[in-house]
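First comes the structure, then the notes that go with it.
Read the figures in this text as sums done on the coordinates, not as results from a lab. Keep in mind that this is a model prediction, so the values were computed, not measured. Because the Cβ atoms are built from the backbone with ideal geometry, glycine has one as well, and the counts that use them run over all protein chains shown.
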Amino acid sequence: MSRVTSFASLTHSQGRERFYYVVHDLLYVGLFVHALLIPVFLTLGLTTLALTNVLSVALYLIGIGIGRRAHTDASFLIGAFEILAHSTLAVVFIGWHGGFQYYIFVVAVLVFLHPSERTGVKALAAALMYLLFVSLSDLAQVSPPIVTMDTEILRAFEAFNVSTFFFLIVFLAFLYHRAAGRAEAQLKSANHALDQLARIDELTGLANRRAMIEALESAAAASENDNRPFSVILCDVDGFKQINDQLGHNRGDEILRRAATHLRAAIRDQDLVARWGGEEFLVLLPGTDLAAAGPIAERIRRHISEASGRVVDGVHLTLTFGVSVHHPGRPIDATISAADGALYAGKRQGKNCVVLASLAESAPG
């Protein structure tokens, strides 16, 4: 359940990050457009609108600044407020034919791109923006603009705003597509990391039982194809129950980690070692028959016995090893069972030794 919850949280986080990319880039576009309009309005003698654009630039700078501090919603609200307020003021001052009202639809689109799952709230916000658009249209029909402008200038404004609106919508789609690609790549990377974690034993850092089972199944399939055997080594820490009872579980965990470190250092590059369960470890030896697997196991045993030295409270770390070979057509469980039998034979023989499964146990079933 916790893994599912983590995945859902990750997905939501990716949605917010994608939205932030879009809002962040559009704030820069808005900053550029309004900075461009300031000298235009000053040239036309529209001081009020010029000052309004100065305020708009300031709001965009604030929005960009707080957006960098991960306050995405506040950044979005500042940008949305500026667009709606500026569109309304521009229509009131220079009329409907200036084309500033079309920017209202940009905010409506952004509302539905927001990662919030409150669809009702989004629909209400979009409806209110539509009402604002219709109200401005009605206002333009019954009330003349505050400033009367030359028709050619109005046409130039309308052409500029319609073009800007069109390219903003296209740019918005592009930004969202690009941001979705970024988020998707990050999600794939996170999924890969989660998949890797699901195959790692948390205590020792070795492959876990699940990863080893998958490797064994793959090795068995390859063995069927090329008719080559592979071997497994099952080993466990000698006297581990007494170590836990006498020294405590924390020291027991330390010894398991020490054993894992030595096993990882002693195996060949093509081999795989996993924590099989408790104090047991399983080593997969690809393309290795029993005659070759025995000396490999002995080398690993000697390495651990000599390299570990004497650990905490005088406990000398040693492992006992059982070795068996897997032949094509044989169940994997039978191969592991044969190694398990050899391991317990080694325990009876005095521990810290290597025992090969008998020929009868190792023969194909």
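Data for the structure
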{"quantity": "Subset of region 220-232 that is of a type outside the set (Ser, Thr, Tyr) and within 19 Å of ALA297 (Cα to Cα) - its residue that is farthest from the chain's Cα centre (by Cα)", "calculated": "PRO229"}
{"quantity": "Elements of type helices (runs of 4 or more DSSP H) in region 30-128, at least 3 residues being surrounded by fewer than 15 Cβ atoms within 10 Å (Cβ to Cβ)", "calculated": "47-68, 72-94"}
{"quantity": "Yes/no for ALA292 being surrounded by 20 or more Cβ atoms within 10 Å (Cβ to Cβ) and not basic (Lys, Arg)", "calculated": "no"}
{"quantity": "Among (1) within 22 Å of SER218 (Cα to Cα); (2) touching a residue at least 60 places away in the same chain (Cβ under 8 Å), the one test that LEU247 misses", "calculated": "(1)"}
{"quantity": "Residues within region 136-156 that are surrounded by 13 or more Cβ atoms within 10 Å (Cβ to Cβ), within 18 Å of ALA85 (Cβ to Cβ) and not β-branched (Val, Ile, Thr), tallied", "calculated": "4"}
